[in-house]
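**Q** To start, I am sharing the structure in question, which I have written as structure tokens.
Throughout, read-outs are computed from the coordinates displayed, never taken from laboratory work. It should be emphasised that the depicted structure is a prediction, and the values quoted were computed from it without experimental measurement. Every residue, glycine among them, receives a Cβ derived from its backbone with ideal geometry; neighbour counts consider all protein chains shown.
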Amino acid sequence: MQPKTYGYVRVSTKDQHTDRQESAMREAGISPAQIYTDKLSGKNFDRPAYQQLLKKMKPGDTLFVKSIDRLGRNYEDIQTQWRIITKERHCDIVVMDMPLLDTREGKDRTGIFIADLVLQILSYVAETERENILSRQAEGIAAAKARGVKFGPRPKQKPANYPEVVSLWKTSSISARQAAKELGVSCKTFQKWVCMPF
């Protein structure tokens, strides 16, 4: 069977664009049908498209990724997946932004040593960058909270008839369920309002 060439594209969130990576894959001559895309964090390899791709790959196939951090951002996991693809599946990997990471070239001992060394450095950098991003996010959230910024959904506004409905409920003229219905909210929301009036 003729060896196949695949492309793997990853962005961290659903609203990020994959155009730049897909364009690079097409320029490398990879068919759109052979490009697998995940819109998930690179913290681990539990990603549907990546797992599907791994099952498809046969000895002699080649996997293209735009950069090492598109493959993943966890140092040990990148090393493990690299070993699975190259040593266990006997496939090649091409990291397009780093020509030294092209297992089709330099199959001698020196070439393999250099590729392994570069891989270790780049996967370490990818994980460190992920840790820095998480750290900056945590610092930003803490600073925002210190400034009084509230996170999460906005609390529901009480309707104009809230005081009279609460009065009826307090005098047992209506039940909490009836009061909630009258206000157009769930019973849980009504109970929250009367427990925390402010």
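**Q** Counting Lys and Arg as +1 and Asp and Glu as -1, each charge on the Cβ, what is the dipole of segment 15-70 about the Cα centre in debye, to the nearest 20? Each step should come with its number before you reach the end.
**A** Numbers: 10 positive and 8 negative charges, 38 e Å.
The calculated dipole for segment 15-70 is roughly 180 debye.
**Q** Something else now. Quickly work out the Ile141-to-Lys39 label distance, labels modelled 7 Å from Cα along the C-beta direction, and quote it in nm with one decimal.
**A** Roughly 2.2 nm, to one decimal.
**Q** Okay, next question. Choose one of Gly60, Gln2, Thr80: the residue whose Cα lies farthest towards the positive end of the charge dipole of the chain (beta-carbon charges +1 Lys, Arg; -1 Asp, Glu; about the Cα centre).
**A** Comparing the listed Cα positions along the dipole, Thr80 ranks first.
**Q** Starting from segment 3-37, pick out the chymotrypsin sites (Phe, Trp or Tyr not before Pro) whose DSSP state is loop and whose Cβ has at most 15 other Cβ atoms within 10 Å. Walk me through the numbers on the way to the answer.
**A** On the way: sites: Tyr6, Tyr8, Tyr36; in loops: none.
Answer by residue number: there is no such site.
**Q** Can you give the longest run of the chain that contains no trypsin sites (Lys or Arg not before Pro) sitting in a DSSP loop with at most 12 other Cβ atoms inside 10 Å?
**A** Numbers: sites that count: Lys14, Arg104, Lys107, Arg147, Lys150.
Longest site-free region, per DSSP loop and neighbour criteria: 15-103.
**Q** Run the numbers on the chain and let me know its relative contact order in percent, using alpha-carbon pairs under 8 Å that are six or more apart. Walk me through the numbers before you get to the answer.
**A** Working: 229 pairs, mean separation 29.5, N = 198.
Averaging sequence separation for qualifying contacts and normalising by length gives 15 percent for the chain.
**Q** Let me ask something else. Counting DSSP beta bridges with both partners in the chain, what percentage is antiparallel, nearest 5? Walk me through the numbers before you get to the answer.
**A** On the way: 1 of 14 bridges.
So the antiparallel bridges amount to about 5 percent of the total.
**Q** Any idea what diffusion coefficient segment 9-77 gets from Stokes-Einstein, in µm²/s, Kirkwood Rh on alpha carbon pairs, 20 °C, 1.002 mPa s?
**A** 170 µm²/s
**Q** In nanometres, what is the gap between the two model label sites at Glu131 and Asp116, each 7 Å from Cα along Cα-to-Cβ?
**A** Label at Glu131, label at Asp116, 2.4 nm between them.
**Q** For segment 1-47, with only Lys/Arg (+1) and Asp/Glu (-1) charged at the beta-carbon, what is the dipole magnitude about the Cα centre, in debye rounded to 20? Before the final figure, lay out each step's value.
**A** Values: 8 positive and 6 negative charges, 23 e Å.
Using Cβ point charges on Lys, Arg, Asp and Glu, segment 1-47 gives about 100 debye.
**Q** Run the dipole for segment 1-125 about the Cα centre, Lys and Arg Cβ at +1, Asp and Glu Cβ at -1, nothing else charged, and hand back the magnitude in debye, nearest 20.
**A** Values: 20 positive and 17 negative charges, 71 e Å.
In debye, rounded to 20, segment 1-125 gives about 340.
**Q** Straight-line reach from Lys145: which lysines have a Cα under 21 Å away, not including same-chain ones fewer than 8 places off?
**A** Cross-link targets: Lys156.
**Q** Around Gly7, which amide H atoms from residues at least 5 apart in sequence, or from another chain, sit under 5 Å from its own amide H, with H modelled in the peptide plane?
**A** Ile35, Tyr36, Phe64
**Q** Among rounded, prolate and oblate, which fits the chain when a ≥ b ≥ c are the square roots of the eigenvalues of its C-alpha gyration tensor, a/c under 1.5 means rounded, and a/b larger than b/c means prolate?
**A** On the way: a/c = 4.08, a/b = 2.81, b/c = 1.45.
Prolate.
**Q** Among the listed pairs Lys150/Lys181; Lys14/Lys150; Lys66/Lys150, give every one whose C-alpha distance is greater than 32 Å. Don't skip to the answer; put the middle values down first.
**A** Values: Lys150/Lys181 28 Å; Lys14/Lys150 24 Å; Lys66/Lys150 38 Å.
Violating the 32 Å limit, Cα to Cα: Lys66/Lys150.
**Q** Still on this model: Toward the positive end of the charge dipole of the chain, about the Cα centre and with charges on Cβ (Lys, Arg +1; Asp, Glu -1), which of Ile35, Leu100, His17 goes farthest?
**A** His17
**Q** What distance in nm separates the two pseudo spin-label positions at Met1 and Ser67, each 7 Å out from Cα along the beta-carbon direction?
**A** Output for this residue pair reads 3.4 nm.
**Q** Relative to the longest principal axis of the C-alpha atoms of the chain, give the angle of the C-alpha long axis of helix 109-146, reported between 0 and 90° and rounded to the nearest 10°.
**A** 10 degrees
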